[in-house]
Structures are given as structure tokens and as C-alpha cells.
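Comments concern the structure below.
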Amino acid sequence: MLLIQLRLSISVICLTILKIGRKYVLRINSFFFVKYQFAIIAIIFRKKYLSVKHELFMRQRFYISMLVAVLLLGLLYACKNPSDHLLNGLTNVPGNGFDLNNVKNDYAKAMTMVSVLKVTGKDKRDKTNKRKLRWNEAYTIETPNGQKMIVPFSLEEEIFILGRNRIYDSYGASSFFIVSKNGTGHDFEIATYVEDEEKSMADPSAKWSGQVIVEDELGNFVKAVGIENGAIVSEGSIQGPNGRTLGYDCRLVEYFSCAYIPDIGYYAPCQYMYSTLFCYYVMPASIGNSNGYLTVVGGIQSSSGGGASTDNNPYYPLPDRLSNLVRFNNLTASMLAQINAQWDLMFEKSCALRALYVGLTSRNAKLDIRYDPNLSPSLADAFYDPVGNKMYFKSQSFMTEDIVMEEFFHKFQNAYYSGGTTQYTTNGHVNIEFEVALFQDIMAYIHGWPDMPTIPTDEYSLWIDEITQGGTKFPTTFGPISAEYFNYLGLYDTTHPNVAGTTSQSLTPGAMFEIFNSSSCPK
Amino acid sequence: MKKILIFIICMFAQHAFCQGKLKKLEEKVSSDGVSYKVSQLSSNPSGRKMYSNTSNKLDNDLAVIPEDVSRNAFSTIDMGKDESKRRDGLIKKSFELKSRPIPDDTVIVNYKMTRQGKILELNFLIKSNSKISVDDIALIEKTLKNDYIIKLDSKQFKGMKYIWYSAPLALSGVKNL
């Protein structure tokens, strides 16, 4: 503790010095360096050229110079980069007890066994053991079983797991690389979350249900954890039963190789590659022994205390609005905080955006959010997929206020329109996109925000003025905008070739009016 | 009967063609000789008027957003407080140099610019009862076109014919700067 305080004090002093001017520090340092160079030369040749008195004087100066130099070097070391002393990506989690270099070394040692493994081309480990760990994005979490480090990763050649509604999710985005402490060493696990499609589809408002398949770093099956409605209900192990068992269960997981289709939100065509049959003895869950599998995925709340607690999370000085909207996510703590912060900004900025949030929560419109760096086309930097009810982000840089708003608006459309927006994946997709663009233009005009209007013509600007009654009122019915709506919808289609699908002449922007009507905005 | 039918068709046609269409009200010329087309939506006679320099060529241009323009592109246009202050400072200086009083009103300015942030064209949405004169408009336009370069990340807009955005300009804020 004292050491940390000392280091922090040094860092503060250093940063102040750096603020004044780093060049002066460097100058001081080089001055002393030259000085003690002379002193060393002087000591070497002292017998020949220097008197005893002078030698003592020189020795004194040498020691003082050395002391000052050591202090300055220490200061410079501390100043070099304050974050150098902390683990990459773990800088903002207080009290993390992982030494990243040790973790990396232990992992490298463990992975030397890969060469011994007899993995054939028909084994998914052929791909899954070639993982690229993004150490710089690692973060720690507190779990009922102690602190864990989560390291996001992707595979050199990504494979995909077939999920709900024939949607494929990348292995990297479905799995978590978890590091636990084991004495002076570390244990590594890969937890893959395989959703129970039937349960999810039966009740979209329920919490996550499925299996967590846990493997070691070499891809060997360790155990399976059953989750129902956000709580652990069973644990399975390949070892024989030594207590009460619920039976013997097997689960087949199939892996595919897929290509992306831009702007649609799923991966296709996919080609079957591997299947793995995980069989295990099922035992009742030991309460409080979740090993953090629920804490890992922030969207899953646990009744046994393993849920995503934000109590001690430095990322949540703001109200945690996101947890009311998310069922499952694989976001880092920093990403969760960023999206939550965008919601906070949106709350401040507009009555309409507050109504959007209320509209989502009142419909219990939860969704999965996935961070998937494997999204390849630029169009798919971020999107909401109504078929799988999932929101995807290619990177944290796309978790901006505008994009977060737009994607959650799409989620609202899916909840609002009878039968969801899957029916408009092709015919009507332009309407769905234009609706959110118009929603943004109306808000920007009324609130006086800078905006890139959806259509850059004089007529469109004046139309927005007209339908908002000079920027004073939010439109609440289709009637006043009906005369020109489909005209601008057509122009939007022409000017936005990146928006796939076609226009529908029967779909009007009802979701937008629902938000305006239910809001406290002037109307 | 035939005449009645023709009359009804004419009524519908008139309604259809007039609805939401831009109607040129007049042309105003500033004391510097810059002429502006003043238009309004025929369906909204009490709404704002659009002032466009008659030399503008992009007023009704339907620019296509190329597929590889990132969704984050717009956020790279610097519209922060410092930039707004810089813009307002330039306008204030111009009014002071001309010894013109700055009117108390807010205009909505539509900017069209190059990928390097150089303003190509502007137009102005002004309330129908506004006290802003055509000379004020001409001075604002001249200042912005000559002295104001908008900061943005040009790489993000690769392939775009021009970049546009719209932002209110509160002249009361300019006056009190």
C-alpha cells in the first residue's frame, strides 16, 4: 500500500514536472549525467592528478550526483508512462491482482502442449487452439470465486456456432477466455455460451438460458454449466458421480465456416465443419460456486449472488441503465461503461430519447449485445439483427452516441411493430432505416443540434421545418407528414446505396410517432 | 359533366403539385451586389424562408453517400465549443469592421463543403418575420466562405462529392461574445 502511494506520489510529481516541460527534465538529467561522467574520470585518475582534499571533495560530489541521478532516473521511470506500471487494459480496475507478464508466460508454457496434441483436421481444436488473445483489452472481474481476468480473443480462422433462428455467432464472440489464479500460477478456461434456443424463443422477456461449455486452454472439455432464466441450475463433469446426480447428458455443438452478408446481420452461406459431443454427469448446482460464469457475461443476473454486480465497479458512476436492456453480452467493462455513458448523455439531451428508453424497458425489450471484431464489411461496423435479436459492434470506436441511439431505435422498432421487423428484412428495410434517420433529423432540428440532414436539399430542410412547426413541436401523427413522406423515402433510397432492401408503400413510421406521443416533448 | 370532371382533375393536380413544393418568392440583392433567391414551401407560407445565393449549384443536388463512408464520419466534423467560438468570432469581427449592428436572431445554416473543410456553398433558413437583412446574410456568407475552414477528418469522407451539415447560428451569442 505504501509502495503504491509512493509510486502514485512520484507519478503526480512527475506529471507536474512533465506539464511544466519535459525537455527541462531531460536537460537536468543530461546535465547530471555529464557531471558524474567527469566525476568517474576524476576518481579513476585521482591518484595521479588530485590531492587528497580534492579527492574527498570529488567523492562527495560524486555521491551527491549519483544520488540525484538515481532519484531523477526513478522519477523519469515513473513518468515515462504512468500506465506502464499497470497491466495493459487493466488500468481502470482497482486492486487487480494479475501480473500480465506472468499470465502471458504461464499461457505460453501451457500452449507448448499443443504440439503434443494429436489434433486431426476434423477436430475443432485445429482452429480453436489458434487463438489471438487481445491482451491489451484484458480486464478483471470480481466473482464469488475470486478475481478473474477476461481476455477477449478471436481465432486466426474464425468458426461459427449455429444459434437461435439459424443465426451463426463467431466462436470468438461466444466464448470467454478466463484466467484464474492457482497458487503462484494460473489456470485458463474457455467458456463458450451456447444458448438454449427453445427456451429463448418461448419467452423473449426471460433471462438467458443455455449451457456454458468450459474447456481448458488446449480445448479439452472440463465441465458444462446449465443456466436457466439467468441462474445456474446444474453442473456437469466427465468424472464419475461422487454425490447426487441428475443424470447423464450429452450436448452436440456444431461448428461452421461462414461468410458474411452485408447489412443483413447474419453469416451465410455457412459450411458445416466440425461437431463436438460433450457428455457429462449432471449434478445439482452448488450455490455460490458459479466460478464466475454468470459474472463474466454482464447481462445475466444471478439469483445466487453471481450476477453482474456493479456495486464496486468504477465504470458505473452513472445509473446502470444498460442492464435493463441487455440479456447477454460479451462486452468488456469499458465497452459497457461507454454504452451506458451514451445512454446517460441521451437522457440529458432529449425528451424523445428518454421516451425511447422507457419504450424499450416498458416492453421488456431486452437483447444480446456482442462485440465481434470479425465483422468484415465496413457496412456492418455496428448493426441490430432483428432475426437473432442481437446488436453487434465491430469495435468500441463504433459505440458512439449516434450509433448506440440508432441501433436501440431499431430494437424499439422490432418490439413495436407487430410481428417484429424481421418481416422487413428485404421489403420495407429502407423504411426502417429512413424512419430512424428522420427521427434524428427531427430531434436535431428541434433541439438545435448540428446535424447531417438525411437528404441535403433545400426542400428537405424546409420540410423538416414544416413538420416540426418551425422547430417547436414533435409530429405525432402520420397525416401532416404523409404528403411528402414517401417522396423523401424514395430520395433516401436513391442516395443511400448502402441500405439494402426495398421501400414499402404501406409501412409508415409508427415507431417514431409512438416515441414522440409517449414522450414529454412539446407536441 | 366533362367540364366538372376536368375541374376536379385540375383541383387534384394543383393540390398534388403544390404540396410541399419549393416556391420562389423573390430575389433579393445585397448592397455588395450578391443576389439571393428567397424560397419557401408552398404548403407552409408561415414557415421559414430559404435564402440561397443565386450562384449556388448544389441546392437541389442529391449527393450519394458512398458505401465505404464510415458511420462515424459525421462525428469527425468538429462542431465543439471552441470551433463555434472561432466561427462566431470571425462573424463578429466582420460586423464590427463594417460597423453593422448584429441582429438578435437565430438562422439555420446549411453548409456544403469540400473534404478539406473549405465551404463551397451555404444557404440560410430564416424565420419569415426575422429582422435579418440580405446584407447581414451576405456578410455572414462572405466571412464564412473566405475565413472559416471546417475541421474534419477528410479520410472518413472518401468518395463523397461534397460534405454537408446543418447547424444553427445564434447571432445573439455572436453579439455577446
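Values quoted throughout were computed directly from the atomic coordinates according to the rules given, and no laboratory measurement underlies them. A quick note: this is a predicted structure, and the numbers were derived from the prediction, not measured. Neighbour counts are summed over all protein chains in view; Cβ atoms, including those assigned to glycine, are modelled from backbone coordinates with ideal geometry.
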Open item on the list: Among A:476-483, B:25-32, how do they line up by average Cβ neighbours within 10 Å per residue, starting with the highest?
Closed with: A:476-483, B:25-32
Open item on the list: What do you get for the angle between helix B:2-18 and the principal long axis of chain B? Use alpha-carbon atoms, 0 to 90 degrees, nearest ten.
Closed with: 10
- [ ] Quote the FRET efficiency, to the nearest 0.05, computed for A:Thr472 versus B:Val64 with a Förster distance R0 of 45 Å and r equal to the Cβ-Cβ distance.
- [x] 0.90
Open item on the list: What whole-number distance in Å separates the alpha-carbon centres of region B:133-151 and region B:28-78?
Closed with: 14
Task: Mean Cβ count within 10 Å, highest first, over the residues of peptides A:432-438, A:129-135, B:48-54, A:106-112 - done: A:432-438, B:48-54, A:129-135, A:106-112
Open item on the list: Given axes a ≥ b ≥ c from the Cα gyration tensor, I'd like to know whether region B:19-177 is rounded (a/c under 1.5), prolate (a/b larger than b/c) or oblate.
Closed with: oblate
TODO: Report the one residue of A:Gln423, A:Tyr445, A:Asn498 whose Cα lies farthest in the direction of the positive end of the charge dipole of region A:397-523 (charges on C-beta: Lys and Arg +1, Asp and Glu -1; origin at the Cα centre).
DONE: A:Gln423
TODO: Decide, for region A:398-523, between rounded, prolate and oblate: order the square roots of the alpha carbon gyration tensor eigenvalues as a ≥ b ≥ c, take rounded if a/c falls under 1.5, and otherwise choose prolate if a/b is larger than b/c, else oblate.
DONE: rounded
- [ ] Provide a whole-number value for the mean count of partner chain Cβ atoms within 10 Å of the Cβ atoms in peptide B:47-55.
- [x] 3
TODO: Mind sorting B:Val34, B:Val64 by how few other Cβ atoms lie within 10 Å of their own Cβ, fewest first?
DONE: B:Val64, B:Val34
Open item on the list: Just to be sure I understand the model, the point goes 7 Å from the Cα along the line to the Cβ. What's the resulting B:Leu25 to A:Ser518 distance in nm?
Closed with: 3.9
Open item on the list: Inside 10 Å of the C-beta atoms of B:58-71, what's the mean count of C-beta atoms belonging to other chains?
Closed with: 5
Task: Shape category assigned to region B:96-177 from the gyration tensor of Cα positions, a/c cut at 1.5 - done: prolate
- [ ] Identify, among A:Ile369, A:Ser350, A:Ile467, the residue whose Cα sits farthest towards the positive end of the charge dipole of region A:332-487, taking +1 on the Cβ of Lys and Arg and -1 on the Cβ of Asp and Glu, with the dipole about the Cα centre.
- [x] A:Ile369
Task: Label point distance in nm, A:Ser397-A:Met113, each placed 7 Å from Cα along Cα→Cβ - done: 3.8
Task: Label-point separation in nm, B:Asp153 to A:Asp123, each point 7 Å along Cα→Cβ - done: 4.3
- [ ] Measure up B:Lys92/B:Lys112; A:Lys109/A:Lys130; A:Lys148/A:Lys366; B:Lys49/B:Lys131; A:Lys199/A:Lys223 against 19 Å on the Cα-Cα distance and list the ones that go over.
- [x] B:Lys92/B:Lys112; A:Lys148/A:Lys366; A:Lys199/A:Lys223
Open item on the list: Within a 10 angstrom radius of the beta carbon, how do A:Ser170, A:Ser504 rank from fewest other beta carbons to most?
Closed with: A:Ser504, A:Ser170
Open item on the list: Counting other beta carbons within 10 Å of each residue's own, what order do A:Ser461, B:Ser43 fall into, fewest first?
Closed with: B:Ser43, A:Ser461
